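Each remark here refers to the structure printed beneath this line.
What follows is calculated from the coordinates using simple rules that are stated; it is not laboratory data. As the structure is a computational prediction, the values presented were derived from the model and not from experiment. No Cβ is skipped: glycine too gets one built from the backbone with ideal geometry, and neighbour counts run over all protein chains shown.
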Amino acid sequence: MKILVCISKAPDTTSRIAFTDNNTAFDQNGVQFIVNPYDEWYALVRALELKEAQGGSVTTITVGGADNDPIIRKALAIGADDAVRVDAEALDSLAVAKYIANYASANGYDLVMCGKETIDYNGAVVGGMVAELMDVPYVSLAIKLDVNGSVATLEREAQGGTEIVEASLPLVISASKGMAEQRIPNMRGIMAARTKPLQVVASEGINASTKVVRYELPPAKAAVKLVSADNVAELVDLLHNEAKVI
Amino acid sequence: MAILVFADNHGGKITKSSLEAVGYAAAMGGDVTAVTFGSIEGDGGMGNYGASKVIVAGNATSDPQQLTRLVVDVANAIGASDIVFSHDTTGKSVAPRVAARMDAGLVAGATAIPSGKEIKKNVFSGKAFAYVEACTDKRVISVLPNSFGLKASGGSATVEQYSGDCGSAGVIVKDFKPTSTDGSVPLPEAEMVVSAGRGMKGPENWGIIEDLAGVLGATTACSRPVADIGWRPHHEHVGQTGIAIRPNLYIAVGISGAIQHLAGVNGSKVIVVINTDPEAPFFKAADYGIVGDAFEVVPKLTEALKAFKSAH
């Protein structure tokens, strides 16, 4: 089975979020970038488990400049066989999806896997766009994935519960929490990652279909109102008369 | 201006998040057509939130490819400038496909109606907002659940059957397992959430959390460590890598408030924190707090709420 895993970089979950250039750009100063957790912990690790059980290969794909190479090497250290970086600016999700779909269609994969969303733009859209552009089925928010021959069986988060669904390969999925357990790369993996192939693919620029005009930080939170543990009735009163939520 | 809304049909009922999407489209100020699949009763309640026409495709299932063909066909037929979805579990499967098929800009997770061309959305897991513009003539918008309040207008919509072909389904639903059998509201749409963490000391102590949730009609949730060690199921984990919630009231018991947890709950309108540690970082993000032992405070709060409920 040939599996393509879409890997994106994202600011570490503990990063301080700030903006520069008159609030039009994310301030990368002092920010540590990581593999987007949904891409790494769930999509990539499940892809590796499937390969270990059934054979095949796991390739990662990333759209962006050379500043992505450290997180691509991390994915290789966790166990991907090789990596592709489409050397183009990731202007928006539809442009990224077009680069990935173009590469995937030209190279024939059975399974394309993404994380359910990135933790920076929280779009949850690239997987579905890739599937439409490739004209194949898409299962979003998958928490379980098994493949038997040419048929995949999945569980996915749905309104009020879990759906058990079936789809034929080739297939695009997005992975949510529960699909696999995070793997920490070992020293051998880190050493091997240095020499694994990272193919840089040149590409024509694709225009963006959306643009961020500006960013804004939420207003500072007012100080917490503390209520004595001996007087919980006061809290009930505040929730009713002041916050008006009960 | 014609606006098309995709409405999700869950067991014959239009979902609350889809009704929010209808209300969002109506607030944009256009003529709103809603499209759904399967069978619904009457207009599915969508006229009441501003739809003038409802189109029902009896021949389509919840399969994203069928729904994409349906939505794009209807959007073209009515000349829709905007196609609105809920950013829920169905919208996340269909909206991106529709945007790709129409080559239209998609603003995912909108929290306010467009102001000029700008649409506000959450980014960095709720730690900031972005104002996004589509660069295309047609635009797809998905609305973050619980961010746009429902306002009934008392109207009704005309209902029409879809006569086109939605093609074959790529994804077949074999079975459905409901998260809760007690009828509690799913976390992403819950208006009240009671959540607990490692401060509860063990899974056997969750009874007082369930009692508190019970009296409020709230859904229970938990922090990541508690889900990871198996005290509570994964589907209850709220946070940056779990479920993001936006309730009116979030009560956190015995959760320290790590930045990753806050990222999943910072959309809550009111946050109450109960913790023994006055230095717990969660108090900085809370509206109300009680420093105290959960095993004493929570049962007392449950009793006080019971007294309040019987008096109101």
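Odds and ends about this structure:
- Converting phi to 3J(HN,Hα) with the Karplus coefficients 6.51, -1.76 and 1.60 and the offset θ = phi - 60°, region B:76-93 yields 5, 5, 8, x, 5, 7, 10, 10, 10, 10, 8, 7, 10, 5, 7, x, 5, 8 Hz in sequence order, with x at every glycine or proline.
- Relative contact order (%) - criterion: Cα under 8 Å, at least six apart; region: chain B: 14
- Residue-averaged beta-carbon neighbours from other chains (10 angstrom radius) around B:104-111: 5
- Between residue A:57 and A:2, A:3, the built amide H atoms are under 5 Å apart, and every one of these is 5 or more places off in sequence or on another chain.
- Farthest toward positive dipole pole in chain B [+1 Lys/Arg, -1 Asp/Glu at C-beta], among B:213, B:79, B:55: B:79
- Radius 14 Å from Cβ of residue B:224, net charge of other residues (Lys, Arg +1; Asp, Glu -1): 0
- Scaled against the 2.2 N^0.38 Å expected of a compact globular protein of N residues, the Cα radius of gyration of region B:2-161 reads 0.94.
- Among A:20, A:13, a tally of other beta-carbon atoms within 10 Å of each Cβ gives an order, fewest to most, of A:20, A:13.
- Total charge dipole magnitude, region A:151-229, about the Cα centre, Cβ charges on Lys, Arg, Asp, Glu only, Debye to nearest 20: 560
- Amide H to amide H distances under 5 Å link residue B:110 with B:142, B:143, B:144, where only residues 5 or more positions off or on other chains count and H is placed in the peptide plane.
- Most positive-pole-ward Cα, A:195, B:34, B:186, against dipole of the protein assembly as shown from beta carbon charges: A:195
- Rounded to 5, percent antiparallel among DSSP beta bridges of chain B: 15
- Taking every residue in B:81-89 and counting other chain Cβ atoms within 10 Å of its Cβ, the average works out to 2.
- Dipole magnitude for region B:14-155: computed about the Cα centre from +1 point charges on Lys and Arg Cβ and -1 point charges on Asp and Glu Cβ, it is near 340 debye.
- Shielding by partners for peptide A:166-178, expressed as the average number of C-beta atoms from other protein chains within 10 Å of each residue's C-beta, is 3.
- Within region B:2-161, percent of DSSP bridges classed antiparallel, to nearest 5: 25
- Proxy reagent accessibility, fewest Cβ within 10 Å first, across B:143, A:200: A:200, B:143
- Beta bridges assigned by DSSP with both partners in region A:2-216 are antiparallel in approximately 40 percent of cases.
- For the peptides A:51-60, A:25-34, the ranking by mean Cβ contacts within 10 Å, running from highest to lowest, is A:51-60, A:25-34.
- Theoretical ellipticity at 222 nm over the protein assembly as shown - DSSP helices of four or more residues, -39500 (n - 2.57) apiece, nearest 500: -7500 deg cm²/dmol
- The calculated FRET efficiency for the pair residue B:175 and residue A:106, based on their C-beta separation and a Förster distance of 35 Å, comes to about 0.45.
- Shown for B:137, B:165, A:69: other C-beta atoms within 10 Å of each C-beta, ranked fewest to most, produce the order B:137, B:165, A:69.
- Highest to lowest packing among B:221-234, B:83-96, A:231-244, scored as the average C-beta count within 10 Å: B:83-96, B:221-234, A:231-244
- Simple Cβ-charge dipole of the protein assembly as shown, Lys/Arg +1 and Asp/Glu -1, about Cα centre, in debye nearest 20: 540
- Positive-end residue of A:35, A:88, A:68, charge dipole of region A:32-91 with Cβ unit charges: A:35
- Rounded, prolate or oblate (a/c below 1.5 giving rounded, otherwise prolate when a/b exceeds b/c) for the protein assembly as shown by Cα gyration tensor: oblate
- Rounded, prolate or oblate (a/c below 1.5 giving rounded, otherwise prolate when a/b exceeds b/c) for region B:187-311 by Cα gyration tensor: rounded
- Residues residue B:1 and residue B:182, FRET efficiency given R0 of 56 Å [Cβ-Cβ distance, rounded to 0.05]: 0.80
- 16 Å Cα cut-off, lysine pairs counted over chain A (separation 8 or more, or different chains): 9
- Within chain B, all pairs of alpha-carbon atoms sorted by distance into 10 Å bins from zero give the percentages 6, 25, 29, 22, 14, 4, 0.
- Computed on region A:2-216, with alpha-carbon pairs under 8 angstrom and 6+ residues apart, the relative contact order is 28 percent.
- Once you divide the Cα radius of gyration of region A:2-216 by 2.2 N^0.38 Å, the number left is 0.99.
- Region B:98-131 residues near the modelled residue A:16 label - backbone nitrogen below 17 Å, point 7 Å along Cα→Cβ: B:127-128
- Taking every alpha-carbon pair under 8 Å whose residues sit at least 6 apart, region B:187-311 reaches a relative contact order of 25 percent.
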